[in-house]
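What follows is a set of notes on a single structure, which appears directly below.
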Amino acid sequence: MNVDTDTKHTTEAPAAPAAPVAEAVRRPRRVPAWVAPAVVAVVLLSLPFSTLRIPGLFEGTLNSPSTLHVLATCLVLGGLATSYDLLYGRVGLLSFGHALYFAAGAYLAVLLMGILELPLLWSALIAVASGTLLALVLGAISLRVSGIALAMVTLAFAQAGSILVVRDPGRMTGGEEGLSLNPDLVPDAFIGVVNTVNLYWLAVGYVVVALGVVWWLSATPVGRVWQGIRANEQRVSVLGVNPYPYKLAAFTVAGALASLGGVVYLVVSGGVTPAITTAEFTLTLLVMVSLGGAGTRWGPLVGAVVYTYVDHRLLQLAASDVFDGLPAVVRAPLSQPLFILGTLFVLLVFFFPGGLAALPSRIHAALRRRAAAA
Amino acid sequence: MTAAEPLVDVADVHVWIEGSHILQGVSFTVADHGVTSLLGRNGVGKTTTVKAILGLVPRTGRIVFAGRDITADPTHAIAAMGIGYVPEDRGVFAGLTVAENLRLAERRGHTPRYDLVHDLFPELARRANQPAGTLSGGQQQMLAIGRVLLNDNRLLIVDEPTKGLAPRVVAEVADAVARIAEEVPVLLVEQNLALVRRVAGQAVVVDAGRVVHTGNVLDLLDDAERTRELLGVSKTSVPAHGQPGGAA
Amino acid sequence: MSTVVLLVVTGLGLGALYFLIASGLSLIFGLMDVLNFAHGAFLTIGAYATWWASVYLPGAGGDGVGFLVAVAFGVAAGTLAATLVELGVIRPLYGRHREQILVTVGLSLAVPALVQAIWGADPLPFPRPELVSGTVTLLGAAIPTDRFLLIAVAALVLAGLLLFGTRTRYGLIVRAGVEDRAMVTALGIDVRKSFTLVFAIGGAAAALAGALGGLYFGVITPFQGTSLLVFAFIVVVIGGTTSTVGCAVASVAVGMVQQFANYYTVAGLGDIAVVIVLAAVLLTRQGGLAKATAGRVA
């Protein structure tokens with residue numbers, strides 16, 4: 001797993017200037033497996049104490065509330081993408097409905113707080129439990145089919161959820177406007193600009209849980225069956241193992257992690273909008289995972305962080321006067337992050353299969369080729 | 001092309017399907033006349049071998065057809081060179097009518113020989129507008145065979161034509177295969193040894209992804225011991241002379 | 001009674017819209033195994049090109065012959081877009097279904113975003129020709145005239161597709177290829193030549209759906225295609241991919257269920273009722289698309 005150790009440079013990229021790539025390549029290939037997580041952890045833990053300025057990347061210092069908030073959002077989506085990759089990259093299940101479980105967590109929690117006035121912790125627990133149950137039930141139905149049919153069915157279920165939210169039954173979900181968090185029911189530690197750092201810690205915690213669960217499960221015997229299903233489901237059946245419960249387990253765990261992510265997202269953003277229920281949102285998850293590298297340890301997290309950051313930055317630039325000097329033909333498309341990201345993604349699929357996680361080994365191979373030629 | 005040169009020359013062909021090494025260096029030739037029978041127990045790679053010739057499975061090695069290396073050619077180009085294929089599952093299009101199935105098989109530059117097809121299988125003319133999916137197994141087999149007779153092919157590949165058919169129909173299909181073999185070289189995959197004996201010709205025996213025996217069909221089948229050793233004691237056992245039937 | 005008539009005709013109209021999208025989707029999927037997320041983008045292109053032509057194109061307009069010219073322009077734009085997508089993006093990735101899906105996902109995000117960048121996110125009012133404005137009274141129900149236009153156009157497209165499938169050689173190849181692509185190539189036919197054609201046909205039908213959807217909803221928005229696409233997917237799952245008639249029946253069924261459930265229960269529940277029907281179909285039947293596609297894309 002050389003890819004793991006090398007990828008951390010990309011992980012750090014948004015936060016700290018990456019070490020020169022050549023140095024990474026010259027280093028001895030075998031680095032203990034704990035090094036990468038340790039380095040990432042140190043970087044993540046030290047960020048809130050850093051007054052470093054990275055002009056061009058972030059507006060304030062690294063520990064300024066605005067930067068920490070952006071990072072927290074990136075990390076939440078990183079955890080969510082990691083949970084999605086459990087299905088897509090680890091088991092090979094093409095689900096187009098992952099947004100449903102994320103949205104279920106966020107909406108249920110905010111509704112429980114809004115209607116029953118339950119405190120955050122209880123709302124979160126009930127929301128995650130319900131989201132998990134929802135994933136179990138809908139997964140049990142959807143997984144009766146596989147391949148493309150599964151993609152369509154999960155998409156349909158998610159769409160039903162999206163419609164439900166937008167139609168605003170009983171004026172509960174807030175329709176297009178969404179809902180905001182009632183600050184009275186949230187612990188004071190998560191309220192106010194001064195406490196943004198705590199939102200960041202919450203997001204870091206979620207990423208650790210998501211990565212931990214996915215990595216741990218992948219290393220268990222269950223994970224090995226998942227690997228077998230991904231490679232060749234038929235052969236798994238021939239060997240006398242029924243793939244269905246294993247696929248359902250993956251679906252449920254991924255759904256549970258997504259619901260948890262939804263709750264964290266709710267707290268970090270201070271509210272929810274129907275944008276997180278849409279098919280487009282699931283599609284962007286797919287883009288994030290493919291961008292980073294499906295089925296790799298760090299790929300989904302890296303892809304999601306890069307994607308979310310670029311999306312955020314492009315929106316910022318579009319709102320600023322940076323593009324004002326450009327002719328309208330160029331300026332208009334540049335003001336749509338989804339256009340740029342969608343187009344980049346198409347190019348990526350063509351010219352960059354394997355995503356960012358494959359980058360170090362590609363560079364390594366290229367350098368070796370050059371060395372061999374010299 | 002001299003008479004001695006084989007029509008098809010298969011050399012060291014390997015096929016991997018999803019990690020399984022199905023064919024492990026198959027080599028044999030198909031004569032430019034009569035029947036070459038591909039024999040062997042179930043699951044030894046007979047169907048994969050004919051699919052490899054047609055390029056329906058990814059393969060390595062070298063396959064020469066009529067003096068031309070076709071290893072790198074796509075399936076449609078190989079078939080268009082004059083190979084008619086009757087697959088194991090018959091491959092008729094259930095949603096198309098009998099007439100449409102035949103029309104689809106018409107090849108550019110050939111005058112379709114409907115007279116021959118309808119002479120051999122009058123049933124197909126009577127049922128021209130019936131969806132092929134509603135035909136009986138035997139009728140579907142006739143359609144599949146009729147489809148390849150429509151064009152002037154240089155080789156027919158026929159995979160288990162009598163499999164799963166009623167005994168009465170087996171005789172009819174066997175008659176057709178025997179008659180066809182008088183005109184066009186045939187590569188026949190078959191478990192029904194009565195049919196194999198009847199059309200005679202050359203035998204190529206495959207076992208575990210390799211060719212383990214080649215020679216005259218009758219020499220092999222007359223040697224009961226050797227037949228049992230190579231082909232196993234099948235349910236059909238080794239049939240007596242010239243008795244078609246005995247469903248595989 | 002009049003309510004039922006209104007609901008039936010409106011359901012048929014909505015079904016007609018679904019059919020125009022789903023027929024191309026199911027042909028593309030059936031023949032090429034490509035789940036075409038970009039299909040909604042073709043619809044968006046058709047809708048906006050029609051609107052653009054009705055406003056800016058000389059000879060085209062919002063009424064009479066001018067509107068027909070505008071629709072023809074929209075359909076041409078959709079067809080062109082679909083052809084370019086097949087040739088430029090799908091074809092180079094032949095045999096790599098995952099990647100093919102991913103690029104259509106990318107396009108499904110990028111194209112509506114581009115449209116939004118140019119014409120904005122707000123709904124644009126769509127032209128309504130004199131002939132299809134107002135209502136017609138049928139069996140006591142006042143029915144918007146455009147519903148009949150939708151049904152008529154979809155019926156024509158259905159007839160056209162059936163004629164194409166039975167009377168032309170390419171039609172035969174497509175129908176046979178949907179059943180068993182490998183066998184078609186084993187007959188000596190280059191199936192890939194028909195892929196571009198199928199994409200063009202699908203793009204044309206989707207663009208037509210875009211123009212007619214503009215009439216049905218009165219406005220067009222950049223992401224309209226994406227939400228309609230989801231229902232078209234449901235139609236394809238229920239109807240299967242092997243028959244155009246099956247697709248038409250499933251389209252009508254989905255449209256009807258949606259309309260009736262929306263009227264007799266809470267608004268919005270109709271859309272969810274469709275998903276429940278889908279779940280019921282999957283639970284009770286292992287046929288149709290579910291069977292045909294199991295394990296096709298790993």
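The values are calculated or read from the model by the stated rules, or taken from the named source; none is laboratory data. This one's a predicted model, so the numbers in the text were calculated from it and none came from an experiment. Here the Cβ is made from the backbone with ideal geometry for all residues, glycine too, and neighbour counts use every protein chain on show. In case anyone asks, the SASA skips ligands and DNA or RNA and just uses the protein heavy atoms, side chains included. Shrake-Rupley method; radii C 1.70, N 1.55, O 1.52, S 1.80 Å.
Summary of computed values
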read-out: From the C-alpha gyration tensor of region C:2-292, square roots of 5λ in Å; value: 29, 24, 18
read-out: Trypsin sites (Lys or Arg not before Pro) restricted to DSSP loop in region A:133-234 with at most 11 other C-beta within 10 Å; value: none
read-out: Rough spin-label spacing in nm, given labels placed 7 Å along Cα→Cβ, for A:Tyr244 and A:Leu125; value: 3.4
read-out: Stokes-Einstein D in µm²/s, Kirkwood radius over Cα pairs - the protein assembly as shown at 10 °C with 1.306 mPa s viscosity; value: 52
read-out: Calculated P(r) tail over 16 Å for region A:32-82, as whole % of Cα pairs; value: 49
read-out: Exceeding the 24 Å Cα-Cα cut-off - candidates B:Lys51/B:Lys163; A:Lys247/B:Lys46; B:Lys46/C:Lys193; value: A:Lys247/B:Lys46; B:Lys46/C:Lys193
read-out: Rg(Cα)/(2.2 N^0.38 Å) for region C:1-115, N = residue count; value: 1.26
read-out: Which of A:Ala258, A:Leu202, A:Ala151, positive extreme of dipole for region A:61-292 (C-beta unit charges); value: A:Ala151
read-out: FRET efficiency, 1/(1 + (r/R0)^6) with R0 45 Å, evaluated for C:Leu57 and C:Leu139 via beta carbons; value: 0.70
read-out: Exposed-site-free run, longest, chain A (rule: GluC sites (Glu not before Pro); DSSP loop; at most 15 other C-beta within 10 Å); value: A:118-374
read-out: Accessible area, probe 1.4 Å, largest first, for residues A:Ile115, A:Ile363; value: A:Ile115, A:Ile363
read-out: Listing of region C:133-182 residues, each with accessible area lower by at least 50 Å² in the full protein assembly than in the chain alone (probe 1.4 Å); value: C:Arg169, C:Leu172, C:Arg175, C:Glu179
read-out: Diffusion coefficient, µm² s⁻¹, Stokes-Einstein with Kirkwood Rh over alpha-carbon pairs of region A:61-292 at 4 °C and 1.567 mPa s; value: 72
read-out: At R0 = 51 Å, FRET efficiency that the Cβ-Cβ distance of C:Arg169 and A:Arg368 yields, to 0.05; value: 0.45
read-out: Linear extension gain, A:Glu176 paired with A:Val329, 0.36 nm per residue minus alpha-carbon span; value: 52.1 nm
read-out: Antiparallel %, DSSP beta bridges [both residues in the protein assembly as shown], to 5; value: 65
read-out: Centroid-to-centroid separation of region B:45-94 and region A:309-374 [C-alpha atoms, Å]; value: 43
read-out: B:Val86 long-range amide H proximity, modeled H, under 5 Å; value: B:Ile157, B:Val158, B:Asp159
read-out: Over the protein assembly as shown: helical MRE at 222 nm, DSSP H runs n ≥ 4 each giving -39500 (n - 2.57), nearest 500; value: -20000 deg cm²/dmol
read-out: Summed buried accessible area for B+C [probe radius 1.4 Å, Å², rounded to 100]; value: 1700
read-out: Surface accessible to a 1.4 Å probe, per residue, for the residues of region A:61-292, Å²; value: 35
read-out: Accessible-area order (highest first, 1.4 angstrom probe) of the listed residues C:Thr185, B:Thr49; value: C:Thr185, B:Thr49
read-out: The protein assembly as shown, accessible surface, carbon-and-sulfur percent (1.4 angstrom probe); value: 63
read-out: Whole-Hz couplings from phi, Karplus 6.51/-1.76/1.60, listed for region C:205-210; x for Gly and Pro; value: 5, 5, 5, 4, 4, x
read-out: Shape category assigned to region A:146-242 from the gyration tensor of Cα positions, a/c cut at 1.5; value: oblate
read-out: Interface size A-C, as summed buried accessible area [1.4 Å probe, Å², nearest 100]; value: 3900
read-out: Amide H partners (placed H, <5 Å) of B:Ser37, local residues excluded; value: B:Leu188, B:Gln202, B:Ala203, B:Val204
read-out: Per-residue ³J(HN,Hα) for region C:170-178, Karplus 6.51 cos²θ - 1.76 cosθ + 1.60, θ = phi - 60°, Hz, x for Gly and Pro; value: 4, x, 4, 4, 5, 4, 5, x, 5
read-out: B:Trp16 accessible area, assembled protein chains, probe 1.4 Å, Å²; value: 130
read-out: List B:Ser136, C:Ser194, ordered by accessible area with a 1.4 Å probe, largest first; value: B:Ser136, C:Ser194
read-out: Per-pair calculated FRET efficiency, R0 = 51 Å: B:Gln24 and B:Arg168 via Cβ, rounded to 0.05; value: 0.85
read-out: Net charge over other residues, Cβ less than 11 angstrom from the Cβ of B:Asp207 (K, R count +1; D, E count -1); value: +2
read-out: Spacing of the two label points (7 Å from each Cα toward its C-beta) at B:Val212 and C:Ala280, in nm; value: 5.6
read-out: Chain B - Debye-derived log10 I(q)/I(0), Cα point model, q = 0.08, 0.10, 0.13, 0.17 Å⁻¹; value: -0.29, -0.46, -0.80, -1.36
read-out: Å² per residue, accessible surface of region C:1-111 at 1.4 Å; value: 29
read-out: Interchain or long-range residues, amide H under 5 Å from A:Asn63's placed H; value: A:Ser50, A:Leu52
read-out: Whole-Hz ³J(HN,Hα) from phi, Karplus 6.51 cos²θ - 1.76 cosθ + 1.60, for region B:117-127, glycine and proline x; value: 4, 6, 5, 6, 10, x, 3, 5, 6, 5, 9
read-out: Simple label model, 7 Å out from Cα along Cβ direction - A:Leu52 to A:Val137, nm; value: 4.8
read-out: Summed buried accessible area for A+B [probe radius 1.4 Å, Å², rounded to 100]; value: 200
read-out: Neighbour count of at most 12 Cβ within 10 Å plus DSSP loop: longest trypsin sites (Lys or Arg not before Pro)-free window in chain B; value: B:109-234
read-out: Occluded residues from region C:54-100, i.e. those whose accessible area drops by 30 Å² or more once the chain is not alone (1.4 Å probe); value: C:Arg98
